[in-house]
Amino acid sequence: MQTKLVLKPILAAIFLLLAASNAALANESSDYIDELLVSDAFHPPGEGEPGYLYNEWHYFNMIDEEQNLSVICAFKLNGGTNSSEVLLGYYLNETSASFYETYPLTPDVVNYSSQSPDVRIANNTVTLTGEGYRVHIESGTGAGVFDALFKPETRPAPVFNASNLSMPGKDINWLVASSKMEVSGNLSVAGETYSLNNSRAYHDHNWGYWSWGDDLGWDWGQVSQAGNYSNETIGEYSISFGNITNANHSQSVSSVMNVWEDGEIIANFSGEEMQIEHSNLSTTDIGIPPAEMLPEYILPQDSFPFPQNTLLNASSGSDTLNIEFTTQHPVPLPVMIPDGNETGIEAGNGSGSEVGSGIKYRIIWEMIGTYQVNGVIDGKPISYTADGFLEYVAGMPVEPEPFA
(Lines give C-alpha, C1' and ligand atoms only; values in the text may rest on other atoms or scores of the structure.)
Protein backbone atom coordinates (compact mmCIF):
# COMPACT_ATOMS: atom_id res chain seq x y z
CA MET A 1 0.00 0.00 0.00
CA GLN A 2 2.83 2.39 0.75
CA THR A 3 4.33 1.81 -2.68
CA LYS A 4 1.04 2.66 -4.37
CA LEU A 5 0.68 5.80 -2.29
CA VAL A 6 4.15 6.94 -3.36
CA LEU A 7 3.63 6.13 -7.08
CA LYS A 8 0.25 7.80 -7.50
CA PRO A 9 1.45 11.40 -7.17
CA ILE A 10 4.50 10.62 -9.35
CA LEU A 11 2.33 9.10 -12.06
CA ALA A 12 -0.08 11.98 -11.77
CA ALA A 13 2.78 14.42 -12.22
CA ILE A 14 4.04 12.55 -15.30
CA PHE A 15 0.56 12.53 -16.84
CA LEU A 16 0.23 16.25 -16.16
CA LEU A 17 3.59 16.94 -17.79
CA LEU A 18 2.67 14.85 -20.85
CA ALA A 19 -0.69 16.57 -21.13
CA ALA A 20 0.90 20.00 -20.84
CA SER A 21 3.51 19.10 -23.48
CA ASN A 22 0.85 17.81 -25.89
CA ALA A 23 -1.30 20.86 -25.29
CA ALA A 24 1.65 23.14 -26.04
CA LEU A 25 2.34 21.30 -29.30
CA ALA A 26 -1.33 21.43 -30.25
CA ASN A 27 -1.52 25.15 -29.49
CA GLU A 28 1.62 25.83 -31.54
CA SER A 29 0.24 23.93 -34.51
CA SER A 30 -3.10 25.65 -34.07
CA ASP A 31 -1.34 29.04 -34.12
CA TYR A 32 0.23 28.19 -37.48
CA ILE A 33 -3.14 27.09 -38.88
CA ASP A 34 -4.82 30.28 -37.67
CA GLU A 35 -2.19 32.37 -39.45
CA LEU A 36 -2.41 30.32 -42.64
CA LEU A 37 -6.19 30.66 -42.82
CA VAL A 38 -5.59 34.35 -43.50
CA SER A 39 -2.15 34.66 -45.12
CA ASP A 40 -2.55 31.71 -47.51
CA ALA A 41 -5.96 32.72 -48.94
CA PHE A 42 -6.40 33.37 -52.67
CA HIS A 43 -6.19 36.76 -54.39
CA PRO A 44 -8.56 36.84 -57.38
CA PRO A 45 -8.34 39.96 -59.59
CA GLY A 46 -10.56 42.85 -58.61
CA GLU A 47 -12.50 45.09 -60.92
CA GLY A 48 -10.16 46.85 -63.34
CA GLU A 49 -7.24 44.49 -62.63
CA PRO A 50 -5.37 43.00 -65.65
CA GLY A 51 -6.96 39.56 -65.46
CA TYR A 52 -5.11 38.33 -68.56
CA LEU A 53 -1.84 38.54 -66.58
CA TYR A 54 -3.25 36.95 -63.42
CA ASN A 55 -1.60 33.75 -62.19
CA GLU A 56 -1.94 32.09 -58.80
CA TRP A 57 -0.93 28.70 -57.50
CA HIS A 58 -0.40 26.44 -54.49
CA TYR A 59 2.82 24.42 -54.63
CA PHE A 60 3.69 21.42 -52.43
CA ASN A 61 6.69 19.11 -52.43
CA MET A 62 7.93 16.22 -50.29
CA ILE A 63 10.97 13.96 -49.93
CA ASP A 64 11.13 10.47 -48.47
CA GLU A 65 14.79 9.38 -48.40
CA GLU A 66 14.06 5.86 -47.19
CA GLN A 67 12.00 5.10 -50.31
CA ASN A 68 14.11 7.33 -52.60
CA LEU A 69 10.86 9.09 -53.45
CA SER A 70 10.06 12.75 -54.05
CA VAL A 71 6.81 14.39 -55.15
CA ILE A 72 5.91 17.82 -56.57
CA CYS A 73 2.33 19.00 -57.02
CA ALA A 74 0.73 22.29 -58.01
CA PHE A 75 -2.77 23.76 -58.33
CA LYS A 76 -2.73 26.75 -60.69
CA LEU A 77 -5.20 29.40 -61.90
CA ASN A 78 -4.30 31.15 -65.17
CA GLY A 79 -6.20 34.26 -66.20
CA GLY A 80 -4.54 34.58 -69.61
CA THR A 81 -5.97 31.32 -70.90
CA ASN A 82 -8.95 31.23 -68.54
CA SER A 83 -7.72 27.82 -67.43
CA SER A 84 -6.94 25.89 -64.27
CA GLU A 85 -4.11 23.40 -64.09
CA VAL A 86 -3.10 20.47 -61.89
CA LEU A 87 0.39 18.96 -61.90
CA LEU A 88 1.70 15.88 -60.10
CA GLY A 89 5.28 14.82 -60.68
CA TYR A 90 7.28 12.19 -58.86
CA TYR A 91 10.78 10.75 -58.84
CA LEU A 92 11.21 7.17 -57.65
CA ASN A 93 14.38 5.08 -57.73
CA GLU A 94 15.95 6.85 -60.72
CA THR A 95 12.64 6.99 -62.59
CA SER A 96 10.54 10.13 -63.03
CA ALA A 97 7.03 10.59 -64.31
CA SER A 98 4.27 13.19 -64.15
CA PHE A 99 0.76 13.95 -65.22
CA TYR A 100 -0.59 17.36 -66.01
CA GLU A 101 -4.20 18.27 -66.73
CA THR A 102 -5.99 21.50 -67.66
CA TYR A 103 -9.59 22.51 -67.05
CA PRO A 104 -11.68 25.62 -67.68
CA LEU A 105 -11.45 28.34 -65.06
CA THR A 106 -15.21 28.27 -64.53
CA PRO A 107 -17.32 27.98 -61.34
CA ASP A 108 -18.66 24.54 -62.26
CA VAL A 109 -15.08 23.17 -62.31
CA VAL A 110 -13.13 25.45 -59.97
CA ASN A 111 -13.86 26.78 -56.49
CA TYR A 112 -11.61 29.23 -54.64
CA SER A 113 -12.07 32.27 -52.44
CA SER A 114 -10.25 35.30 -51.06
CA GLN A 115 -11.40 34.07 -47.64
CA SER A 116 -9.63 30.71 -47.66
CA PRO A 117 -6.59 28.69 -48.86
CA ASP A 118 -8.97 25.95 -50.07
CA VAL A 119 -9.23 25.24 -53.79
CA ARG A 120 -10.98 22.66 -55.96
CA ILE A 121 -10.10 21.94 -59.58
CA ALA A 122 -12.40 19.17 -60.84
CA ASN A 123 -11.75 16.24 -58.46
CA ASN A 124 -8.47 17.67 -57.16
CA THR A 125 -8.54 19.57 -53.88
CA VAL A 126 -6.53 21.42 -51.24
CA THR A 127 -8.32 21.78 -47.90
CA LEU A 128 -6.83 23.44 -44.81
CA THR A 129 -8.06 21.61 -41.71
CA GLY A 130 -7.18 21.95 -38.03
CA GLU A 131 -4.32 19.46 -38.60
CA GLY A 132 -2.92 20.84 -41.83
CA TYR A 133 -3.42 20.76 -45.60
CA ARG A 134 -5.27 17.81 -47.05
CA VAL A 135 -4.02 17.50 -50.65
CA HIS A 136 -5.78 15.21 -53.11
CA ILE A 137 -4.86 14.75 -56.78
CA GLU A 138 -6.19 12.10 -59.12
CA SER A 139 -5.50 11.80 -62.84
CA GLY A 140 -8.46 11.71 -65.18
CA THR A 141 -7.30 8.34 -66.52
CA GLY A 142 -6.85 6.82 -63.06
CA ALA A 143 -3.10 6.43 -63.67
CA GLY A 144 -2.21 8.11 -60.39
CA VAL A 145 -3.63 9.25 -57.06
CA PHE A 146 -1.90 11.32 -54.39
CA ASP A 147 -3.69 11.78 -51.08
CA ALA A 148 -1.76 13.22 -48.15
CA LEU A 149 -1.90 15.44 -45.08
CA PHE A 150 0.77 18.17 -44.87
CA LYS A 151 1.28 19.37 -41.29
CA PRO A 152 3.07 22.74 -40.91
CA GLU A 153 6.00 22.81 -38.47
CA THR A 154 7.13 26.39 -39.07
CA ARG A 155 5.52 29.80 -39.01
CA PRO A 156 4.78 31.47 -42.39
CA ALA A 157 7.33 33.92 -43.74
CA PRO A 158 6.46 37.54 -44.52
CA VAL A 159 5.19 37.87 -48.10
CA PHE A 160 7.97 38.61 -50.58
CA ASN A 161 6.91 40.78 -53.50
CA ALA A 162 8.44 42.51 -56.49
CA SER A 163 6.78 45.39 -58.34
CA ASN A 164 6.70 46.74 -61.87
CA LEU A 165 8.07 43.58 -63.54
CA SER A 166 5.15 42.92 -65.86
CA MET A 167 3.05 46.05 -65.42
CA PRO A 168 3.72 49.31 -63.54
CA GLY A 169 2.16 49.23 -60.10
CA LYS A 170 1.42 45.48 -60.18
CA ASP A 171 3.20 42.95 -57.98
CA ILE A 172 4.20 39.33 -58.09
CA ASN A 173 4.06 37.75 -54.63
CA TRP A 174 5.55 34.71 -52.92
CA LEU A 175 4.49 33.32 -49.54
CA VAL A 176 6.43 30.51 -47.88
CA ALA A 177 3.46 29.09 -46.02
CA SER A 178 5.61 26.49 -44.26
CA SER A 179 9.29 25.84 -44.91
CA LYS A 180 9.15 22.51 -43.12
CA MET A 181 6.20 20.14 -42.90
CA GLU A 182 5.48 16.53 -42.07
CA VAL A 183 3.45 14.63 -44.64
CA SER A 184 1.61 11.34 -44.26
CA GLY A 185 -0.55 9.62 -46.84
CA ASN A 186 -0.29 7.56 -50.01
CA LEU A 187 0.93 7.82 -53.59
CA SER A 188 -0.56 5.28 -55.99
CA VAL A 189 1.08 5.11 -59.43
CA ALA A 190 1.83 2.42 -62.02
CA GLY A 191 -0.14 -0.18 -60.08
CA GLU A 192 1.82 0.34 -56.86
CA THR A 193 0.97 2.21 -53.65
CA TYR A 194 3.65 3.94 -51.56
CA SER A 195 2.90 4.91 -47.96
CA LEU A 196 4.26 8.17 -46.58
CA ASN A 197 4.90 8.45 -42.86
CA ASN A 198 6.18 11.80 -41.52
CA SER A 199 8.21 12.54 -44.65
CA ARG A 200 9.74 16.02 -45.07
CA ALA A 201 7.69 18.53 -47.01
CA TYR A 202 7.27 22.19 -48.01
CA HIS A 203 4.48 24.51 -49.20
CA ASP A 204 4.40 27.92 -50.82
CA HIS A 205 1.86 30.12 -52.62
CA ASN A 206 2.41 32.52 -55.52
CA TRP A 207 0.09 35.15 -56.98
CA GLY A 208 0.14 38.29 -59.05
CA TYR A 209 0.59 39.46 -62.62
CA TRP A 210 3.23 37.70 -64.74
CA SER A 211 4.43 38.48 -68.24
CA TRP A 212 6.34 35.32 -69.08
CA GLY A 213 7.80 36.79 -72.27
CA ASP A 214 9.62 39.63 -70.51
CA ASP A 215 13.31 39.89 -69.64
CA LEU A 216 12.79 37.81 -66.50
CA GLY A 217 14.60 35.00 -64.71
CA TRP A 218 14.82 33.63 -61.19
CA ASP A 219 16.29 31.25 -58.65
CA TRP A 220 14.29 29.56 -55.93
CA GLY A 221 15.36 26.90 -53.48
CA GLN A 222 14.49 25.23 -50.22
CA VAL A 223 15.92 22.60 -47.93
CA SER A 224 14.91 21.41 -44.49
CA GLN A 225 17.12 19.51 -42.14
CA ALA A 226 16.89 15.74 -42.32
CA GLY A 227 17.36 13.40 -39.36
CA ASN A 228 21.00 12.61 -40.13
CA TYR A 229 22.42 16.08 -39.53
CA SER A 230 25.82 16.86 -38.00
CA ASN A 231 26.25 16.70 -34.25
CA GLU A 232 27.73 20.19 -34.48
CA THR A 233 24.30 21.58 -35.34
CA ILE A 234 21.99 22.56 -32.51
CA GLY A 235 18.27 22.77 -33.24
CA GLU A 236 16.34 21.96 -36.41
CA TYR A 237 16.77 24.31 -39.35
CA SER A 238 15.01 24.96 -42.64
CA ILE A 239 15.92 27.45 -45.34
CA SER A 240 14.17 29.00 -48.33
CA PHE A 241 15.43 31.60 -50.79
CA GLY A 242 14.23 33.46 -53.87
CA ASN A 243 16.04 35.67 -56.37
CA ILE A 244 14.42 37.54 -59.25
CA THR A 245 16.85 38.35 -62.07
CA ASN A 246 16.96 39.43 -65.67
CA ALA A 247 16.79 36.66 -68.28
CA ASN A 248 20.56 36.06 -68.54
CA HIS A 249 21.08 36.19 -64.76
CA SER A 250 23.56 39.05 -65.01
CA GLN A 251 21.56 41.25 -62.62
CA SER A 252 19.56 40.52 -59.48
CA VAL A 253 16.39 42.60 -59.18
CA SER A 254 15.25 41.45 -55.74
CA SER A 255 16.25 38.61 -53.44
CA VAL A 256 15.51 37.16 -50.01
CA MET A 257 16.48 34.20 -47.83
CA ASN A 258 14.91 33.18 -44.53
CA VAL A 259 16.28 30.74 -41.96
CA TRP A 260 13.99 28.98 -39.47
CA GLU A 261 15.03 27.27 -36.25
CA ASP A 262 12.48 25.07 -34.48
CA GLY A 263 9.58 26.76 -36.26
CA GLU A 264 10.55 30.44 -36.02
CA ILE A 265 12.49 32.70 -38.40
CA ILE A 266 15.81 33.54 -36.75
CA ALA A 267 17.72 35.12 -39.64
CA ASN A 268 17.03 36.99 -42.85
CA PHE A 269 19.25 37.98 -45.78
CA SER A 270 18.36 40.14 -48.77
CA GLY A 271 19.79 42.19 -51.63
CA GLU A 272 23.56 42.55 -51.60
CA GLU A 273 23.82 40.32 -48.53
CA MET A 274 23.30 37.36 -50.91
CA GLN A 275 25.34 36.15 -53.90
CA ILE A 276 24.26 33.21 -56.09
CA GLU A 277 26.54 31.58 -58.66
CA HIS A 278 25.69 28.79 -61.11
CA SER A 279 28.33 26.64 -62.79
CA ASN A 280 28.80 23.59 -65.01
CA LEU A 281 25.86 24.42 -67.26
CA SER A 282 24.48 21.40 -69.11
CA THR A 283 21.90 20.90 -71.82
CA THR A 284 19.50 18.18 -72.81
CA ASP A 285 16.87 17.78 -75.49
CA ILE A 286 13.57 19.25 -74.39
CA GLY A 287 10.50 17.88 -76.13
CA ILE A 288 7.06 19.48 -76.26
CA PRO A 289 4.15 17.02 -75.87
CA PRO A 290 2.31 16.44 -79.16
CA ALA A 291 -1.22 17.73 -79.67
CA GLU A 292 -3.87 15.95 -81.69
CA MET A 293 -3.00 15.75 -85.41
CA LEU A 294 0.33 17.52 -84.85
CA PRO A 295 3.87 16.07 -84.63
CA GLU A 296 6.00 16.27 -81.53
CA TYR A 297 8.10 19.41 -81.25
CA ILE A 298 11.47 20.02 -79.66
CA LEU A 299 13.17 23.20 -78.49
CA PRO A 300 16.38 24.21 -80.30
CA GLN A 301 19.42 22.49 -78.85
CA ASP A 302 21.35 24.42 -76.18
CA SER A 303 18.58 27.04 -75.81
CA PHE A 304 17.96 26.41 -72.09
CA PRO A 305 20.94 25.01 -70.14
CA PHE A 306 20.64 24.15 -66.46
CA PRO A 307 23.33 24.35 -63.74
CA GLN A 308 24.90 21.21 -62.29
CA ASN A 309 26.21 23.23 -59.33
CA THR A 310 24.87 26.25 -57.46
CA LEU A 311 26.67 28.19 -54.74
CA LEU A 312 24.95 30.67 -52.43
CA ASN A 313 26.90 32.85 -49.98
CA ALA A 314 25.10 35.08 -47.49
CA SER A 315 26.39 37.41 -44.80
CA SER A 316 24.69 39.87 -42.46
CA GLY A 317 26.53 41.03 -39.35
CA SER A 318 27.83 37.95 -37.59
CA ASP A 319 25.42 35.63 -39.44
CA THR A 320 26.96 33.77 -42.39
CA LEU A 321 25.88 30.87 -44.59
CA ASN A 322 27.62 28.93 -47.33
CA ILE A 323 25.19 26.73 -49.27
CA GLU A 324 26.12 24.36 -52.10
CA PHE A 325 23.56 22.58 -54.25
CA THR A 326 24.45 19.68 -56.54
CA THR A 327 21.84 18.82 -59.16
CA GLN A 328 20.91 15.15 -59.18
CA HIS A 329 17.76 15.13 -61.26
CA PRO A 330 16.71 18.05 -63.53
CA VAL A 331 13.15 18.19 -64.88
CA PRO A 332 12.24 20.76 -67.59
CA LEU A 333 8.80 22.34 -67.28
CA PRO A 334 7.91 24.10 -70.58
CA VAL A 335 5.92 27.34 -70.39
CA MET A 336 3.97 28.24 -73.53
CA ILE A 337 3.83 31.91 -74.54
CA PRO A 338 1.18 32.53 -77.24
CA ASP A 339 2.05 35.11 -79.86
CA GLY A 340 0.46 38.47 -79.10
CA ASN A 341 -0.57 37.34 -75.61
CA GLU A 342 1.16 38.56 -72.46
CA THR A 343 0.86 35.30 -70.59
CA GLY A 344 1.55 31.60 -70.96
CA ILE A 345 0.72 28.14 -69.62
CA GLU A 346 2.80 25.13 -68.77
CA ALA A 347 2.80 22.64 -71.62
CA GLY A 348 0.70 19.57 -71.02
CA ASN A 349 -2.13 17.45 -72.36
CA GLY A 350 -3.32 19.19 -75.48
CA SER A 351 -1.85 22.55 -74.51
CA GLY A 352 0.56 22.56 -77.45
CA SER A 353 -2.20 22.60 -80.05
CA GLU A 354 -1.08 25.93 -81.48
CA VAL A 355 2.60 25.03 -81.79
CA GLY A 356 3.97 26.27 -85.09
CA SER A 357 1.72 29.36 -85.26
CA GLY A 358 3.98 31.91 -83.59
CA ILE A 359 4.01 30.23 -80.19
CA LYS A 360 7.22 30.41 -78.17
CA TYR A 361 8.42 28.58 -75.07
CA ARG A 362 10.68 29.09 -72.14
CA ILE A 363 11.73 26.54 -69.51
CA ILE A 364 11.38 26.34 -65.74
CA TRP A 365 13.97 23.85 -64.49
CA GLU A 366 12.68 21.91 -61.48
CA MET A 367 15.75 20.29 -59.93
CA ILE A 368 16.07 17.75 -57.15
CA GLY A 369 19.50 17.50 -55.57
CA THR A 370 21.68 17.62 -52.48
CA TYR A 371 22.33 20.68 -50.31
CA GLN A 372 25.40 21.12 -48.13
CA VAL A 373 24.71 23.87 -45.58
CA ASN A 374 27.43 25.41 -43.39
CA GLY A 375 27.57 28.60 -41.39
CA VAL A 376 26.94 30.41 -38.14
CA ILE A 377 23.56 31.87 -37.17
CA ASP A 378 23.01 33.73 -33.90
CA GLY A 379 26.40 32.52 -32.69
CA LYS A 380 25.56 28.84 -33.25
CA PRO A 381 27.14 26.61 -35.92
CA ILE A 382 24.98 25.07 -38.64
CA SER A 383 26.27 22.11 -40.64
CA TYR A 384 24.11 19.57 -42.39
CA THR A 385 23.53 17.76 -45.68
CA ALA A 386 20.04 17.03 -46.99
CA ASP A 387 18.15 16.58 -50.24
CA GLY A 388 16.07 19.51 -51.42
CA PHE A 389 14.70 21.39 -54.42
CA LEU A 390 15.97 24.20 -56.63
CA GLU A 391 14.24 26.06 -59.47
CA TYR A 392 16.10 27.90 -62.22
CA VAL A 393 14.75 30.10 -65.03
CA ALA A 394 17.03 31.78 -67.57
CA GLY A 395 16.97 32.68 -71.26
CA MET A 396 14.43 34.38 -73.49
CA PRO A 397 11.56 32.52 -75.18
CA VAL A 398 12.29 30.49 -78.34
CA GLU A 399 10.20 28.87 -81.06
CA PRO A 400 10.03 25.06 -81.11
CA GLU A 401 11.01 22.93 -84.08
CA PRO A 402 9.34 19.75 -85.41
CA PHE A 403 11.00 16.63 -84.06
CA ALA A 404 12.46 14.70 -86.99
With the 1.4 Å probe rolled over protein heavy atoms, segment 102-209 has an accessible area per residue in Å² of 41 Å²
What does the highest-first list of 183-190, 239-246, 375-382 look like by mean Cβ count within 10 Å? 239-246, 183-190, 375-382
Once phi is turned into ³J(HN,Hα) by the Karplus curve 6.51 cos²θ - 1.76 cosθ + 1.60 with θ = phi - 60°, what whole-Hz value does each residue of segment 203-213 show in order, with x for glycine and proline? 8, 9, 9, 10, 7, x, 10, 9, 10, 5, x
What residues have an amide H closer than 5 Å to that of Ala143, excluding those fewer than 5 places away on the same chain, when H is modeled at 1.01 Å from N in the peptide plane? none
Of every hundred units of 1.4 Å-probe accessible area on segment 354-393, the number belonging to carbon and sulfur atoms, as a percent, is 46 percent
Exceeding 32 Å between C-alpha atoms, which entries from my cross-link table qualify? They are Lys180/Lys360; Lys170/Lys380; Lys76/Lys360; Lys151/Lys360. Lys180/Lys360; Lys170/Lys380; Lys151/Lys360
Near the amide H of Tyr297, under 5 Å away, which other amide H atoms are found, from residues 5 or more places off or on another chain, if H is placed in the peptide plane? Ile288, Phe403
Of the accessible area of segment 70-180, computed with a 1.4 Å probe and all protein chains kept, carbon and sulfur make up a percent value of 50 percent
To one decimal place, what orientation-averaged projected area in nm² is obtained for the convex hull of the Cα set of segment 67-193? 9.6 nm²
Could you give log10 I(q)/I(0) at q = 0.24 Å⁻¹ for segment 167-212, computed by the Debye formula over C-alpha point scatterers of equal weight, without solvent? -0.85
Which ³J(HN,Hα) values in Hz, rounded to whole numbers, follow from the phi angles of segment 117-122 under the Karplus curve 6.51 cos²θ - 1.76 cosθ + 1.60, where θ = phi - 60° and Gly and Pro get x? x, 5, 8, 10, 10, 6
Amide hydrogen neighbours beyond the local backbone of Gly217, cut-off 5 Å, H modeled: Thr245, Asn246, Ala247
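The values are calculated or read from the model by the stated rules, or taken from the named source; none is laboratory data. Not measured: the values here are computed from a predicted model. Ideal geometry is used to build each Cβ from the backbone, glycine not excepted, and the neighbour counts take in all protein chains shown. Only protein heavy atoms, including side chains, enter the accessible area calculation; ligands, DNA and RNA are left aside. Shrake-Rupley method; radii C 1.70, N 1.55, O 1.52, S 1.80 Å.
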